[in-house]
Amino acid sequence: MIDISHSNNFLINVDNNNLEIKDIINISNGEGRVVLSKELLEFMEKGRDQLEKKLKENVAIYGINTGFGGNGDLLIPFDKLDYHQKNLLDFLSCGTGECFEDPYVRGTQFNIIIALSKGYSGVRPIVIQTLAEHLNKGIIPQVPMHGSVGASGDLVPLSYIANALCGKGVVKYNGKLMNATDALKLASIKPLVLKSKEGLALVNGTRVMSSVSCISINKFETIFNAAVGSVALIVEGLLASTDHYDMRIHNLKNHPGQILIAKILNQYLNSNNNNNNNNNITTNGNNNSNSNMTFKESENVQKLEKSVQEVYSLRCAPQILGIIPENISNAKMVLKREVLSANDNPLIDPSNGDVLSGGNFMGNHIARTMDGIKLDISLVANHLHSLVALIMHSGFSKGLPNSLSPNPGIYQGYKGMQISQTSLVVWLRQEAAPACIHSLTTEQFNQDIISLGLHSANGALSMLNKLCDIVSMTLIMACQSINLRMMANQNFKLSNNTQKLFLSIKKLIPFLENDRATDVDVKRITNAILENQLDLINLNL
């Protein structure tokens with residue numbers, strides 16, 4: 001008996017508006033179970049009854065008693081309707097590439113349950129009951145990553161999950177790959193025998209792209225938290241002014257994301273005493289009264305000890321990065337709407353049996369949203385690359401040695417890491433191109449416009465793995481710059497929150513004194529970011 005009161009269990013009703021992205025993340029990580037309410041099962045039974053009545057009237061209903069897609073003008077005999085659904089899963093099983101990792105499949109299973117629970121798919125309650133058993137008992141179908149065009153939903157990858165319900169295909173159970181039939185026997189689950197409409201309802205939706213997108217957005221938020229922390233560390237390492245983060249500046253711009261980034265940077269840096277917090281940046285550090293004098297054209301111009309402003313990557317960090325938290329929040333809103341939708345076709349009104357032929361399976365909202373996230377990923381990478389360039393060159397780092405080497409020339413410091421980071425940033429620029437504009441006609445001209453939503457989602461997912469390594473490298477090099485400051489000046493002290501972040505990184509990787517392989521350091525910090533092991537200030541988006 002499932003304990004419904006447990007915080008990680010999710011009760012599925014007809015109305016699941018209390019669903020949040022974090023619920024999908026919990027389920028995808030295997031940290032929760034789904035419970036189907038009695039009211040939901042009764043509601044779905046009534047909806048199925050309406051469909052059965054409509055079928056007895058011998059009315060042509062797309063995909064139920066007609067062919068699929070471009071064959072929608074072909075009527076299927078009544079005695080072949082169940083076979084018609086089984087056959088659908090067979091011809092769609094043509095995915096390619098590596099299989100999705102377990103969390104993305106679990107998230108998809110959960111999304112199917114949510115979509116079918118709307119009651120407009122016309123399936124029997126046993127369909128989502130069986131799917132819930134698969135999810136709760138750890139039956140994980142092996143689903144190829146490639147094959148969806150995001151029109152008529154994620155047809156090809158979803159067919160593998162639907163087939164597993166029927167005891168077909170390969171699944172993972174208790175950590176082992178095996179035939180679905182064997183796994184169902186071990187788990188004491190009866191194979192599902194599909195009835196009319198049910199195969200179509202299972203494969204005809206945006207459930208895979210939604211799962212990949214939800215998990216990717218959650219991952220992006222985690223990585224972005226670390227990216228903002230790395231900006232704060234570089235501000236410290238460069239002895240940069242914090243005057244540019246004065247909240248009066250950002251409140252006047254009035255973008256909530258910009259204001260949030262400025263607040264977070266101030267939380268990191270509010271006790272900084274290393275640069276000129278006792279004097280505004282526009283005051284000349286030599287206190288020479290002549291430094292503030294005005295000049296006539298005939299007189300010589302004096303040079304200040306430093307510029308009255310920092311370069312844009314430091315000065316404008318809130319303005320540049322501020323759009324990111326806004327876009328993450330907007331993406332969560334779009335994804336929640338998508339997950340909570342009835343997104344197959346046709347839809348069957350459970351109140352009267354009306355057949356509603358439309359296109360809720362189109363993934364354009366997800367495609368456009370995740371293509372935008374790909375641009376955001378590249379924006380973060382570009383910004384960090386500019387900051388790293390500053391600390392790696394003695395001409396811009398305010399006294400730090402080139403490549404952050406304690407012994408320049410003999411040892412090369414982080415020269416190799418900077419080159420590797422540049423390579424990753426270029427990869428992200430290449431991969432940032434939108435997928436949604438590459439629509440091609442397919443499937444007998446029935447799908448003459450396609451969304452490519454899963455292409456967008458998979459693209460963002462691939463980019464995030466590279467971005468996390470970029471952020472990891474930035475944190476490592478920023479900490480090296482701070483170590484060097486401390487070696488040169490025993491009075492150098494970090495602000496309270498950057499000190500916490502610095503120490504959480506320092507305990508994972510040693511100071512780079514002599515050249516050594518640093519790839520293991522990158523992996524260690526990347527894992528720490530993803531596992532929330534660093535002492536970061538959370539943006540709480």
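The values are calculated or read from the model by the stated rules, or taken from the named source; none is laboratory data. Note that the structure is a prediction, hence the values are computed from the model and not measured. Because the Cβ atoms are built from the backbone with ideal geometry, glycine has one as well, and the counts that use them run over all protein chains shown. Ligands, DNA and RNA are excluded from the accessible area calculation, which covers all protein heavy atoms including side chains. Shrake-Rupley method; radii C 1.70, N 1.55, O 1.52, S 1.80 Å.
Note on Cys316: accessible area is roughly 30 Å² with a 1.4 Å probe, heavy atoms of protein only. Taking amide H positions as modeled 1.01 Å from N, with prolines and chain starts lacking one, the residues under 5 Å from Gln447 and 5 or more places away or on another chain are Thr442.
If you rank Tyr160, Tyr120 by how much accessible surface each has, with a 1.4 Å probe, what is the order from largest down? Intermediate results must be reported in sequence, preceding the final value.
Details: Tyr160 50, Tyr120 75 Å².
From most accessible down to least: Tyr120, Tyr160.
Computed from the C-beta positions of Phe396 and His438, the FRET efficiency with R₀ = 35 Å rounds to 0.30.
Taking a threshold of 29 Å on the Cα-Cα distance, which of the pairs Lys263/Lys374; Lys118/Lys332; Lys46/Lys185; Lys176/Lys197; Lys54/Lys118; Lys53/Lys118 fall above it? Intermediate values should be presented prior to the final figure.
Details: Lys263/Lys374 25 Å; Lys118/Lys332 20 Å; Lys46/Lys185 31 Å; Lys176/Lys197 32 Å; Lys54/Lys118 19 Å; Lys53/Lys118 20 Å.
Pairs exceeding 29 Å: Lys46/Lys185; Lys176/Lys197.
Note on Asp519: accessible area is roughly 100 Å² with a 1.4 Å probe, heavy atoms of protein only.
Over all other residues within a Cβ to Cβ distance under 14 Å of Glu57, the charged ones net out to 0, with Lys and Arg as +1 and Asp and Glu as -1. Phi angles across the stretch 235-252 convert, under the Karplus curve 6.51 cos²θ - 1.76 cosθ + 1.60 with θ = phi - 60°, into 3J(HN,Hα) values of 4, 5, x, 8, 6, 7, 6, 9, 4, 5, 9, 3, 5, 4, 4, 7, 5, 6 Hz, Gly and Pro given as x. Using a probe of 1.4 Å, the accessible surface attributed to His365 totals some 130 Å² when neighbouring protein chains are kept in position.
With N counted as the residues of the stretch 371-491, its alpha-carbon radius of gyration over 2.2 N^0.38 Å works out to 1.47. Find, to one decimal place in angstroms, the Kirkwood hydrodynamic radius of the stretch 71-193, where the mean of 1/r is taken over every pair of different Cα atoms and then inverted. Answer for the stretch 71-193: a Kirkwood hydrodynamic radius of 15.0 Å. Within the accessible surface of the stretch 1-81, defined with a 1.4 Å probe on protein heavy atoms only, the carbon and sulfur portion equals 50 percent. A simple rule links phi to the HN-Hα coupling: the Karplus curve 6.51 cos²θ - 1.76 cosθ + 1.60 with θ = phi - 60°, which for the stretch 91-108 gives 6, 7, 6, 9, x, 9, x, 5, 8, 4, 5, 3, x, 5, 6, 4, x, 5 Hz, with x for Gly and Pro.
Would you mind computing the Rg to Rh ratio of the chain from its alpha-carbon coordinates, Kirkwood style for Rh?
Numbers: Rg = 28.3 Å, Rh = 25.9 Å.
Reported Rg/Rh (Cα atoms, Kirkwood Rh): 1.09.
If you take every DSSP beta bridge whose two residues both sit in the chain, what share of them, in percent to the nearest 5, is antiparallel? Roughly 75 percent of the DSSP beta bridges within the chain come out antiparallel. Measuring how big the stretch 308-398 is from its alpha-carbon positions, Rg and Dmax come out at 22.0, 75 Å.
Could you please state how large a percent of the accessible area of the stretch 421-528 is carbon and sulfur, counting protein chains only and using a 1.4 Å probe? The C+S portion of the solvent-accessible surface of the stretch 421-528 is 53 percent.
3J(HN,Hα) couplings calculated from phi for the stretch 433-438 with the Karplus curve 6.51 cos²θ - 1.76 cosθ + 1.60 (θ = phi - 60°) are, in sequence order, 4, x, 8, 5, 7, 9 Hz; Gly and Pro show x. Local charge for Thr242 was computed over the other residues whose Cβ lies under 10 Å away, with Lys and Arg +1 and Asp and Glu -1, and equals -4.
FRET efficiency for the pair Asp82 and Asp102, taken as 1/(1 + (r/R0)^6) with r the Cβ-Cβ distance and R0 = 41 Å, rounds to 0.85. When the pairs Lys303/Lys415; Lys219/Lys523; Lys336/Lys500 are compared against a 27 Å limit on Cα-Cα distance, Lys303/Lys415; Lys336/Lys500 fall above it.
Each Lys and Arg adds +1 at its Cβ and each Asp and Glu adds -1 at its Cβ; summed about the Cα centre, the stretch 181-249 shows a dipole of about 740 debye. For the pair the stretch 487-541 and the stretch 390-462, the centres of their Cα atoms are 22 angstrom apart. So how far, in whole Å, is the C-alpha centre of the stretch 101-161 from the one of the stretch 323-368? Cα centroid to Cα centroid, the span is 15 Å.
Counting every pair of alpha carbons in the stretch 1-155, the share spaced more than 19 Å apart comes to 62 percent.
Each residue, Glu305 and Val14, gets one label point 7 Å from its Cα in the Cβ direction; the gap between the two is 7.4 nm. Think of each Lys and Arg Cβ as +1 and each Asp and Glu Cβ as -1; about the Cα centre, that makes the dipole of the chain roughly 840 debye.
Under 11 Å from the Cβ of Leu424, count the other residues' Cβ atoms, weight Lys and Arg +1, Asp and Glu -1, and hand me the total.
Value of the local net charge: 0.
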